[in-house]
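Enquirer: Handing you a structure now.
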Amino acid sequence: MLRFVLVRIASALPTLFLVSVTVFVLIRLMPGDPALIMLGDLADDRSLADLRAAMGLDEPLPAQFLIWLGNVAEGDFGRSISTNEPVFGLILARFAVSATIVLAAVALAAVVAVPAGMLAAWRQDGALDFAVVGGATLLLSVPSFWLGLLMLLLFGLKLGWLPVIGYVSPGQELERGLLYLVMPVATLVLTEVGVIARMARASTLEVLRLDYITHARAKGLSEGAVLWRHAFRNAFAPTWTLIGVILGNLLGGIAVVETVFTIPGLGRLLVDAIYARDYPVIQGCLLFIAALYVVINLVVDLCYPLFDPTVAA
Amino acid sequence: MRTRALPAAAFAAACLAAATAAAAGGTVRVQLNADIRSTTPGTNRDFNTDAVVMHVVEGLVAYREDGSVGPLLAETVALSEDGTTYMFKLRDGVSFHNGAPLTAKEVVWSLNRYLDPATEWRCRSDFDGSNGTKIEAIEAPDDATVMIRINQPSALFLGSLARIDCGMTGILHPDSVKADGTWDKPIGTGPFTFEGRTPGQSVTLKAFPTYAALPGERDGYTGNKTPLVDTVEFLVVPDDSAAKAALLAGNVDVLPDISNAAQKELSGNGALQVLTSPTMGTNVLLFQTTDPLLGNVKLRQAIAAALDIPQIVAAVTDGNAAANNSLVPSASPYYGDVEKQGFAYDPVKAKALLAEAGYNGEEIVLITNQRYTSSYDTAVFAQAMLQAAGINARLEVLEWGTQLDAYTAGKYQMMAFPYSARLDPALSFDAVMGDKAKQPRKAWDNPAAQKLLDEAKRVSDPARRQKIFDELHRMAIAEVPLIMLYNGTEVAAVAKAVEGYKPWPASMPRLFGVAVAD
């Protein structure tokens, strides 16, 4: 298994390199540069030239890229053009915040959605199925920012139960920190639970049609045993892949939720950096997110044998 | 807003009390719509950075409420006969946040630091000769006097020192910089000290207990700036709806800049105060006069006549602002009867001008962005009115960085563009005037007008400057290199318990002279 992991990581390196080059070139093709945006309408030629030189923007592009790549290989992602903070530390700090919310939300969503989807499939076309599919579709259609704002207005403003703005890390103050997490996590749970439920339902339906399920029932097994011991293990694989994709998506960008709830997360960092053309931060974030995808896919693949013995370990 | 008018003796006692006793107390929480970039005045900055840093540092001179320049750390400013030597006599009894007294030594150190290219001061090009004025000498004849000599007379020298985006040329104590030369934190003379910040979330300032306030009333960034709260917390809340909800829930006390829609909604709320002020920012429609189509003055005049500007302005600002076709801001002391003359909405005349111009329905692209609602809404209305007048105008909505790029390169036909406040009319004209060959972003390239503008920058006599601004305005209306629409309004929403908060034409939030009732 160790060999498997190492081979996977090694084969991801060319991908990460390609991502770096693409990102580097694309963001510099965008009109506007960080110096211009910083100075805005107050820019005059001299200040603009001075600032561009100070930011190292006047070096030839290949030189800029090689310098950056060389530094990255040593773990130095450079410094933010906007705030001069070291990029790597900045990314890690913001990621820790986003990850807390995303992991909690996806875990909760899965715990709710997978059983719901499976039960809906088990009682296909019944009242439960109708409720689950209807509910899932409704939640799928609702934009996360709208849901977030509604929660803010209800629980923050009208009822006053939860804080409207700000963020306290649960690592620092557990109780207060959890209060700040409730609404963003709830918003994400509601937006993801629909997707996961529908996938769980669809794959369970597929599996329940198969001969071996009929065989298990004929043997005299209880429905519970049929569902859990036989159906779940096979039905869960596609849902598990989906959860991996969702995690990858969300860990890289819940910018909207972060903006609404004033969470200092990775998504907002990336969006703000793009608007400010903060090249080191953009490059660092996207490389980090690409690496995240690699790791998540690896973990997802490694977990398959746990519930599907037909997949070789 | 509560103003405090005190008789002289009681006033002196109050001043002493304010200088020696702690501030009245409490915390005021203010929204920032984005995190600050740094704590260094005038270098790595944007609007939000200035808003915070201007509470901590003070310059020799500062902007008054009406945009004129008044003394702050200087007691008096004397100008030599030939207009090149400024003598700043420093005020007595002013100290830095670390307790050290303000002397000429720290002033000279600060000024030299700003002029050092390594500091990356945003305004260096206004003082090193690149833009005309050059500081030739900075000396301290004695502990309480600083002399600055420049190469040629300039009406804008003091204004440039006072400029907010220059950090007010804030006087810093050398301990603001570490022994290795890197920045530590701002140690200034302002009413608040820099306490700390949580990046991405908040910045905290504390009242300076021995702040030496000027007598009288608060007046822009000068006058009496006594801190009346213990703590100011700037909270980063980028989303407008979240900020509004936070204000209503009591999680934040001041929203310095709310949208028109929010203003309508919050105006009726008895638990809030909604306060407005005109600003000196300008909102214009730029023309590219080197464009084959728009190079024709008749077409530009036709476009001006086809727009019902008062209606556009009323709609875009919800009646908050009035139309102003002059580059002299309506809140400026130089705004007079001449400046009130402008364009008239005349669809019949527009049609005649279009015929004269030989316009055949060619497409004209009007660029705008969604970052500044003023620009976006203006462009939408303008395009509709132009189409109605038979002018084939098409909207192109760009991301702000992209639009800035097009603006700087001069690559556009028409553009809705917002200019930040410039507190001297010469600077408002300067923003749009210049040699297009050297500075493609300048909209108005007219050598005769340029001569007049250069004189306005040199000559300090207000009567002469008024005549120049009047003439420039007439030329701008005749030639139509751009259409100036309106100066903005700043609308702030503030909790009822906050006393003394007042928006002003420089659009900067001010938390000195502000108290929070229990």
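The values are calculated or read from the model by the stated rules, or taken from the named source; none is laboratory data. Since we're looking at a predicted model, the values are computed, not measured. Glycine gets a Cβ as well: all are built from the backbone with ideal geometry, and neighbour counts include every protein chain shown.
Enquirer: I need a count of the residues in the stretch B:361-382 that are within 20 Å of B:Ala315 (Cβ to Cβ) and touching a Lys or Arg at 6+ places or on another chain (Cβ under 9 Å).
Expert: 1
Enquirer: Conditions first: (1) among the β-branched types (Val, Ile, Thr); (2) over 14 Å from B:Pro418 (Cα atoms); (3) touching a helix residue (DSSP H, G or I) at 6+ places or on another chain (Cβ under 7 Å); (4) not in a helix (DSSP H, G or I). B:Val365 passes all but one, so which condition is the exception?
Expert: Result: B:Val365 passes all but (3).
Enquirer: Looking only at the stretch A:165-223, which residues are assigned to a helix (DSSP H, G or I), of a type in the set (A, V, I, L, M, F, W, C), within 14 Å of chain B (Cβ to nearest Cβ) and in contact (Cβ under 8 Å) with a residue 24 or more places away in the chain?
Expert: A:Met183
Enquirer: Looking only at the stretch B:181-209, filter to residues that are within 14 Å of chain A (Cβ to nearest Cβ) and of a type in the set (Ser, Thr, Tyr); which one of those is surrounded by the fewest Cβ atoms within 10 Å (Cβ to Cβ)?
Expert: Of everything passing the filter in the stretch B:181-209, B:Thr182 is surrounded by the fewest Cβ atoms within 10 Å (Cβ to Cβ).
Enquirer: Please specify each residue of the stretch B:412-440 satisfying the condition of being more than 8 Å from chain A (Cβ to nearest Cβ), assigned to a loop (DSSP other than H, G, I, E, B) and in contact (Cβ under 8 Å) with a residue 40 or more places away in the chain.
Expert: B:Tyr412, B:Gln413, B:Ala421, B:Arg422, B:Leu423, B:Asp424, B:Lys436
Enquirer: Please verify whether the stretch B:228-241 includes one or more residues that are more than 13 Å from chain A (Cβ to nearest Cβ) and out of contact with any Lys or Arg (no Cβ under 9 Å at 6 or more places or on another chain).
Expert: Yes, the stretch B:228-241 contains at least one residue that is more than 13 Å from chain A (Cβ to nearest Cβ) and out of contact with any Lys or Arg (no Cβ under 9 Å at 6 or more places or on another chain).
Enquirer: In contact (Cβ under 8 Å) with a residue 40 or more places away in the chain and either in contact with a Gly (Cβ under 6 Å, 6 or more places away or on another chain) or surrounded by fewer than 20 Cβ atoms within 10 Å (Cβ to Cβ) (or both) - does that describe any residue in the stretch B:401-410?
Expert: yes
Enquirer: Does the stretch B:133-149 contain any residue that is crowded, with 20+ Cβ neighbours inside 10 Å and either at pLDDT below 95 or assigned to a loop (DSSP other than H, G, I, E, B) (or both)?
Expert: Looking for residues that are crowded, with 20+ Cβ neighbours inside 10 Å and either at pLDDT below 95 or assigned to a loop (DSSP other than H, G, I, E, B) (or both), one finds at least one in the stretch B:133-149, hence yes.
Enquirer: Of the conditions (1) closer than 26 Å to B:Leu427 by Cα; (2) within 14 Å of another protein chain (Cβ to nearest Cβ), B:Leu72 fails just one. Which one is it?
Expert: All conditions are met except number (2).
Enquirer: Same structure, new question: Name the residues in the stretch A:52-72 that are part of a loop (DSSP other than H, G, I, E, B) and in contact with a Phe, Trp or Tyr (Cβ under 9 Å, 6 or more places away or on another chain), would you?
Expert: Of everything in the stretch A:52-72, those that are part of a loop (DSSP other than H, G, I, E, B) and in contact with a Phe, Trp or Tyr (Cβ under 9 Å, 6 or more places away or on another chain) turn out to be A:Met55, A:Leu57.
Enquirer: Which members of the stretch B:167-191 meet the condition of being within 15 Å of B:Thr49 (Cβ to Cβ) and part of a strand (DSSP E or B)?
Expert: Once the filter is applied, which keeps residues that are within 15 Å of B:Thr49 (Cβ to Cβ) and part of a strand (DSSP E or B), the stretch B:167-191 yields only B:Trp183.
Enquirer: Let me ask something else. Residues in the stretch A:243-262 that are crowded, with 22+ Cβ neighbours inside 10 Å, within 12 Å of chain B (Cβ to nearest Cβ) and out of contact with any Pro (no Cβ under 6 Å at 6 or more places or on another chain): how many?
Expert: Of the residues in that region, 3 qualify.
Enquirer: Could you count how many residues in the stretch B:344-389 are farther than 25 Å from B:Ala406 by Cβ and either of a type in the set (Asp, Glu) or not assigned by TED's automatic domain parsing to the domain that holds B:Gln311 (or both)?
Expert: 2
Listed here are the residues, each with its yes/no results for (1) assigned to a helix (DSSP H, G or I); (2) closer than 20 Å to A:Asp272 by Cα.
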position	(1), (2)
A:Ser82	no, yes
A:Arg94	yes, yes
A:Ser98	yes, yes
A:Val112	yes, no
A:Ala131	yes, no
A:Phe155	yes, no
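Enquirer: Here are B:Ala212, B:Ala246, B:Ala261: which of them is of a type in the set (A, V, I, L, M, F, W, C), over 17 Å from B:Gly170 (Cβ atoms) and more than 14 Å from chain A (Cβ to nearest Cβ)?
Expert: B:Ala261 is the lone residue from the list that is of a type in the set (A, V, I, L, M, F, W, C), over 17 Å from B:Gly170 (Cβ atoms) and more than 14 Å from chain A (Cβ to nearest Cβ).
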